Amino acid sequence: MTGKNGTAKHRTATGAADLLARRITRCFSPPVLPVAAGCVVSWHATWPRPAGLVWGLTAVVCGAVGVLAMAFGVRRGWVSDLDVSRRAERPLPLACASAGAALVWLVCRHLGAPRELLAPAALAPAGGAAFLLCTRFGKVSLHTCAAAGSVVLLALRVDPLCALLAPVPAAVGWSRVRLGAHTRAQVWAGALLGGGLTAVVLVIAG
């Protein structure tokens, strides 16, 4: 369902399909899949050394901090909801998230994080900056951006068979359209941004 300006209109979840869409969009909110993928990549890259657990926990902590910061913003009235569904409210939290991710990357580099983990870690600030830029021109889906990027990350850094997880970002995209949070074009744009940027960064990093 779209408005006159091509943006999606939110709708209330009532039927079974709507409730399923609501659960999918909550279970696969933007921090969830990237953090999970980061933990898997950390473990895979450093196994059997215990360092993988350390860097994996770092990813979890960063994700938790981001969620808490967003919740604080909602509580203070700076943003309307955790999904930052209003385009005009996105620049500030996205800029803060990108700056925080860049700081974490620098700290990890200083502490001697393995090279094979620094490239995936760079995806957070790079993705945040790219998403912030895209927000100036339209309301791209952050949910599908994170989901598609996570699948590409796992496929390129863990096992090509992880590409079979492609139905996950597809389901996330369906849920966002079903709930009226995004149009199909915005969902596709998010998926292409997340998947494409992840592939480019990892290929350049080798």
Only residues that are of a type in the set (A, V, I, L, M) and either outside any helix (DSSP H, G or I) or within 22 Å of L106 (Cβ to Cβ) (or both): list them for the stretch 147-169, please. L153, V158, A166
Residues of the stretch 74-113 satisfying the condition of being surrounded by 18 or more Cβ atoms within 10 Å (Cβ to Cβ), under 15 Å from P30 (Cβ atoms) and free of Cβ contacts under 8 Å to residues at least 24 places away in the same chain: V79
Within the stretch 135-146, can you find the residues that are surrounded by 15 or more Cβ atoms within 10 Å (Cβ to Cβ) and outside any helix (DSSP H, G or I)? K139, V140, S141
Give me a count of the residues in the stretch 145-170 that are β-branched (V, I, T) and touching a Phe, Trp or Tyr at 6+ places or on another chain (Cβ under 8 Å). 1
Given the criteria at pLDDT 75 or above, in a loop (DSSP other than H, G, I, E, B), closer than 27 Å to R23 by Cα and more than 14 Å from the chain's Cα centre (by Cα), does S85 qualify? no
Would you be able to tell me the number of residues in the stretch 90-134 that are under 17 Å from the mean Cα position of the chain (by Cα), assigned to a helix (DSSP H, G or I) and not hydroxyl-bearing (S, T, Y)? 28
Has the stretch 151-159 got at least one residue that is hydrophobic (A, V, I, L, M, F, W, C), modelled with pLDDT under 80 and open to solvent by less than 20 Å² (accessible area, probe 1.4 Å)? no
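The values are calculated or read from the model by the stated rules, or taken from the named source; none is laboratory data. Nothing here was measured: the structure is a model prediction, and the numbers come from that model. Don't worry about glycine lacking a Cβ; one is built from the backbone with ideal geometry, like all the others, and counts go over all protein chains shown. These area figures cover heavy atoms from the full protein model, side chains too; ligands, DNA and RNA do not enter into them. Shrake-Rupley method; radii C 1.70, N 1.55, O 1.52, S 1.80 Å.
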